[in-house]
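This report concerns only the one structure given below.
The values are calculated or read from the model by the stated rules, or taken from the named source; none is laboratory data. Bear in mind the structure is a predicted one, so any value in this text is a computation, not a measurement. Please note: Cβ atoms are built from the backbone with ideal geometry, for glycine as well, and neighbour counts cover all protein chains shown.
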Amino acid sequence: MPDAQIDQMGLQAFDNLKKQKPISTNSKYNQIANCIAGAITQQTGGNWEVVVFDDASPNAFALPGNKIGVHTGMLSLVDNQDQLAAVIGHEIGHVLARHSNERASQELAVSQGMSIIQAVSAPQTALGQTALGLLGVGAQYGILMPYSRVHESEADMIGVDLMAKSGFDPRQSIGLWQKMEQASQGRQPLEFMASQGRQPLEFISTHPSHATRIQDLEKHMPQAMGLFQQAQSMGKQPRCN
């Protein structure tokens, strides 16, 4: 599908989410999310909008059209700026690799392109649910459409390189996925379980975590560490916490 159509779908979906979901007024959360996303998107170019949604589920997403959403639940789950940078980098990786476009092109005939864009604004319809699922925000509406293992691996590698080039410690990406894996298996700390009301982890639902993910990241880490050291020598040392 033409990238302009996919971008239009992303813009429409993000606009809808901003109308439907409460936006956080927590100045600390907004500062951290914008600081981290700003450092990473300096590497990608373009103007990206970042919105922190007041939602206890630990989730984050990026949409075609340069939109990034972070839930307050994700901000309270991560241990440090580097782990959140791993999440945001991974999500931006899906956008840069045009995964939404690949999924849409596979699922739907191009002739339906315009109706798909319109359908995004009607998430209760079957086509609307499909479109939101393809964009990666279907979990917001209870429609789970996980990314493929290939897409996940691509987003991991793009994301870890992006965070490293931005001056964030790429080793924390492994810590992030270990933390996510523990949370998804019900081994959350009690205070986390209470704060979540035992909600399922949307991020894990739509981003299936395989044992191979961490192995792949470990294999890739020497390259990422080279980028990280290079970024540090250039003075890229974000202070977002």
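Among the helices (runs of 4 or more DSSP H) confined wholly to the range 94-136, which include 2 or more residues that are at pLDDT 85 or above?
99-107, 126-135
Which residues, taken from the range 56-73, are farther than 25 Å from Asn101 by Cβ and modelled with pLDDT of 95 or more?
Across the range 56-73, the qualifying residue is only Thr72.
Is it the case that Ala13 is in contact (Cβ under 8 Å) with a residue 24 or more places away in the chain, of a type in the set (A, V, I, L, M, F, W, C) and assigned to a loop (DSSP other than H, G, I, E, B)?
no
Mind checking which residues of the range 42-79 are under 17 Å from Arg239 (Cβ atoms) and among the β-branched types (Val, Ile, Thr)?
Val78
Within the range 157-175, work out how many residues are modelled with pLDDT under 95 and buried (at least 23 other Cβ atoms within 10 Å of the Cβ).
Count: 0.
Residues are listed down the side, and each one gets a yes or a no for (1) under 21 Å from Gly142 (Cα atoms); (2) part of a helix (DSSP H, G or I); (3) in contact (Cβ under 8 Å) with a residue 60 or more places away in the chain:
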site	(1), (2), (3)
Ile40	no, yes, yes
Val52	yes, no, no
Asp55	yes, no, no
Pro58	yes, no, yes
Gly65	no, no, no
Ile68	yes, no, no
Met74	yes, yes, yes
Ala86	no, yes, yes
Glu91	yes, yes, yes
